[in-house]
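Beneath this line is the structure, given in structure tokens, with notes to follow.
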Amino acid sequence: MSAPMFLAPRADLLEGTQVTLSGPEGRHAVSVVRVKVGEHIDLSDGDGLVVAGCVVEVRNPDELVIEVVERIIDDVALPRLVVVQAIPKGERGERAVELLTEVGADAIIPWAASRCIAQWKGDRAEKALTKWENTAKAAGKQARRSRLPQVTGVATTGDVVSMIAAASGAIVLHEESTTALTDWNPPMDGEIVVVVGPEGGITADEVEAFREAGAQIVHMGKSIMRTSTAGAAAVAVLGAVTGRWS
């Protein structure tokens, strides 16, 4: 069984034969996961650095100390997978983020598509974005990811067009496409942008704008997936065909 992972500031992980984990992550380790002396855990900064160690002391309900066994810096996986996720309604947004994090998305960008039912504005936008960020952190720890996905602010359609134009490759998931995702030849380096539409579908104008920017419009078989699951399925396919899952 893999050792549980907890997050810590990079500065706390860089040096020394022992590392102290405290604060909310320390409390989660001691009081929720109930880590004991003698157990092995991993600490990560969420940006590729992992410190593997053995717990040598539990000081109080929110603090423990590990003896460092190994420090590892994981390589950056290529191609980088960036998912532009149209904002779903309700809790489906967090579900999408959770799945995308588990399958390996490197960045998750909420997109205010024309047909999005949910609208992120004002305080609601800040709260919703915080939920996505927290979901990515929790899912990243569960998946033992040393590099957590970046969750950015809301993108407009114009922003997405610019991302596609700058990427090494881009796909738009659309059930009416005549090209299957598995027939697309993805780049093996650089960045791939994956665009996932909202519950109401991507408009013809959006599809055309993305196509003109260089995106390939693709489908994923006969089944129509929810917006909260389609992106994860596409990232899984790309993870396999690009060798990221090797």
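The table for this structure:
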| item | result |
| --- | --- |
| Degrees between helix 204-213 axis and first principal axis of the chain (Cα, 0 to 90, nearest 10) | 70 |
| Label-to-label distance, nm, for residues given as residue 212 and residue 185 (7 Å Cα→Cβ offset) | 2.8 |
| HN-Hα J in Hz across segment 48-65 - Karplus 6.51, -1.76, 1.60, θ = phi - 60°, x for Gly and Pro | x, 8, 10, 10, 8, x, 10, 5, 10, 7, 10, 7, 6, x, 9, 8, 9, 10 |
| Pairs of lysines in the chain (C-alpha under 17 Å apart; 8 or more residues apart or interchain) | 6 |
| Unit charges at the beta carbon, dipole of segment 5-73: most positive-side option, 29, 52, 19 | 29 |
| Cα shape, segment 5-73, gyration tensor, a/c 1.5 rule | prolate |
| Angle between the chain longest axis and helix 157-166 axis [Cα atoms, degrees, rounded to 10] | 80 |
| Theoretical FRET efficiency, 1/(1+(r/R0)^6), r = Cβ-Cβ of residue 223 and residue 138, R0 41 Å, to 0.05 | 0.90 |
| Helix axis angle, 227-241 relative to the chain longest principal axis, alpha carbon, degrees | 80 |
| Pairwise label distance in nanometres, residue 245 with residue 175, each label 7 Å out on the Cα-Cβ vector | 2.4 |
| Percent antiparallel among DSSP beta bridges (both partners in the chain, rounded to 5) | 45 |
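Since every read-out is calculated from the coordinates, none of them should be taken as a lab result. A quick note: this is a predicted structure, and the numbers were derived from the prediction, not measured. In this analysis, Cβ positions are derived from the backbone assuming ideal geometry, glycine residues included, and neighbour counts consider all displayed protein chains.
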